[in-house]
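The values are calculated or read from the model by the stated rules, or taken from the named source; none is laboratory data. Just so it is clear, the model here is predicted, and its values are computed rather than measured. Here the Cβ is made from the backbone with ideal geometry for all residues, glycine too, and neighbour counts use every protein chain on show.
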Amino acid sequence: MNQPHPLVAGNWKMNGLRVSVNEAENLAERLAGAGGISAEVMICPPALLIAQFCRELSSSGILIGGQDCHGESSGAHTGDIAAEMLKDAGASSVIVGHSERRADHGESSEEVCVKASAAHRAGLTAIICVGETQSQREKGQTLDVISEQLSGSIPHGTTAQNTVIAYEPVWAIGTGLTPTLDDVGEVHAHIRAQLSSALGQGDASAMRILYGGSVKPGNAAELMAVENVNGALVGGASLKAEDFWGIISVYAKS
Ligand code: PEP
């Protein structure tokens, strides 16, 4: 059975200027000096920085991803970015359905599904985010919400190669709060089981399921050790190389 190769992805959100490539280069130096990492490392900077980051980090092994894409490949959609454009700029992946897009832009799982399909069409890996709000957790609806988001957001043609799932409890994003390790394990096991019913055991067991929400250097090791957690999606702590390295180094070989 294929064991998922962990992925640690940094979501820079609407942070960073061209000069911020210095942080990414600092991270690249730490990676080079580490003597091997048993995980893939990715940075998802603002779209305007993707081409520059791809160019300047091309020999670093750091993957570059987008934070969102439109469902169509071109057309009259002012301000939007097609998956094909991200691919053309050098990205290998794109985050879709982040809770900030679901909340701020009213994105439904149906739209997220179209975006994930667009990512696949363009040859990008779709990082599909799901997660419950505080009130949904308090009402005991967490697993139902995750099931609904997952089944609504995963397009036909999804495989372990073209898709990553990120479980991000909305209430844990940017708050410093995290679920208990048992709660993380419960949701990740639930996601794995649902993937198995939807895609078959082969793809389900090989698919990476990331945890995201206030991952920091101080809690990364315990979160990454939870069964069915195959890496992290990191917001705030991915902006500074020192902090991001403190998370990534959980996967350092030596
Ligand atoms: C995120 O926005 O995907 C995220 C996990 O943010 P943070 O790590 O800051 O909670």
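Could you list, in sequence order, the residues of the stretch 226-241 that are more than 13 Å from the ligand (Cβ to nearest atom) and either closer than 13 Å to G10 by Cβ or free of Cβ contacts under 8 Å to residues at least 24 places away in the same chain (or both)? The one that is more than 13 Å from the ligand (Cβ to nearest atom) and either closer than 13 Å to G10 by Cβ or free of Cβ contacts under 8 Å to residues at least 24 places away in the same chain (or both): A241.
Within the stretch 35-61, the set of residues being within 17 Å of A126 (Cα to Cα), touching a helix residue (DSSP H, G or I) at 6+ places or on another chain (Cβ under 8 Å) and either not aliphatic (A, V, I, L, M) or not in a helix (DSSP H, G or I) (or both) comprises V41, I43, P45.
A252 fulfils the conditions (1) modelled with pLDDT under 95; (2) within 16 Å of the ligand (Cβ to nearest atom) except for a single criterion, (2).
Being at pLDDT 95 or above, away from the ligand (no atom under 16 Å from the Cβ), surrounded by 12 or more Cβ atoms within 10 Å (Cβ to Cβ) and more than 30 Å from L195 (Cβ to Cβ) is the requirement here; does L17 meet it? Here the answer is no, as L17 does not meet what is asked. For the stretch 28-39, which residues satisfy the criterion of being closer than 24 Å to R18 by Cα, in contact (Cβ under 8 Å) with a residue 40 or more places away in the chain and either surrounded by 20 or more Cβ atoms within 10 Å (Cβ to Cβ) or hydrophobic (A, V, I, L, M, F, W, C) (or both)? Hit for the stretch 28-39 is L31, nothing else.
For the stretch 82-124, taking the residues that are surrounded by 19 or more Cβ atoms within 10 Å (Cβ to Cβ), assigned to a loop (DSSP other than H, G, I, E, B) and without any contact (Cβ under 8 Å) to a residue 60 or more places away in the chain, the one that is farthest from the chain's Cα centre (by Cα) is identified as E107.
Of everything in the stretch 172-221 that is touching a strand residue (DSSP E or B) at 6+ places or on another chain (Cβ under 7 Å) and assigned to a helix (DSSP H, G or I), the residue that is nearest to the ligand (Cβ to nearest atom) is A220. When the stretch 162-199 is filtered for residues that are touching a Cys at 6+ places or on another chain (Cβ under 6 Å) and either surrounded by fewer than 18 Cβ atoms within 10 Å (Cβ to Cβ) or small (G, A, S) (or both), only A166 remains.
Based on what the data block shows, is E72 at pLDDT 95 or above and crowded, with 18+ Cβ neighbours inside 10 Å?
Spelling it out, it is not the case that E72 is at pLDDT 95 or above and crowded, with 18+ Cβ neighbours inside 10 Å.
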